[in-house]
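Each value in this text was obtained by applying a stated rule to the coordinates, not by laboratory testing. Values in this document were obtained by computation on a predicted structure and should not be read as measured data.
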């Protein structure tokens with residue numbers, strides 16, 4: 001038996017704002033987008049290197065902000081130009097926590113934390 005990662009899902013309040021953020025901050029592009037029979041919307045984003053998708057789900061009947069707990073959960077991204085990435089994220093004002101010179105976190109429009117790591121050498 002062999003398992004492979006397919007996608008990671010997060011729920012978002014404003015699908016267009018989230019797509020724009022993930023495109024600008026992480027270079028992700030929309031691979032697939034569909035509305036469900038019950039009125040929700042699913043958007044699958046991906047990078048240029050892997051087959052793993054980030055699924056953004058907009059729930060049409062959700063009111064209020066999502067409860068993210070103590071925010072220990074996160075999605076990690078590696079970047080080949082850490083200096084340029086950090087500058088972009090500083091300019092966007094989305095850095096929410098710095099762990100070290102090389103490891104930091106950005107927050108998306110819904111408050112999800114995204115860990116930014118340099119590419120291993």
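Some points to look at:
- Among beta bridges identified by DSSP and lying wholly in the chain, the antiparallel ones come to about 60 percent.
- For the chain, the spherically averaged projection of the C-alpha convex hull amounts to 9.4 nm².
- Most mobile listed residue (23, 100, 73) in the chain, GNM with C-alpha springs under 10 Å: 100
- An ellipsoid equivalent to the range 57-109, defined through the eigenvalues of its Cα gyration tensor, has semi-axes of 26, 13, 10 Å when rounded to whole angstrom and sorted largest first.
- Dividing the summed -39500 (n - 2.57) terms of all DSSP H runs of n ≥ 4 by the residue count of the chain sets its mean residue ellipticity at 222 nm at -6000 deg cm²/dmol.
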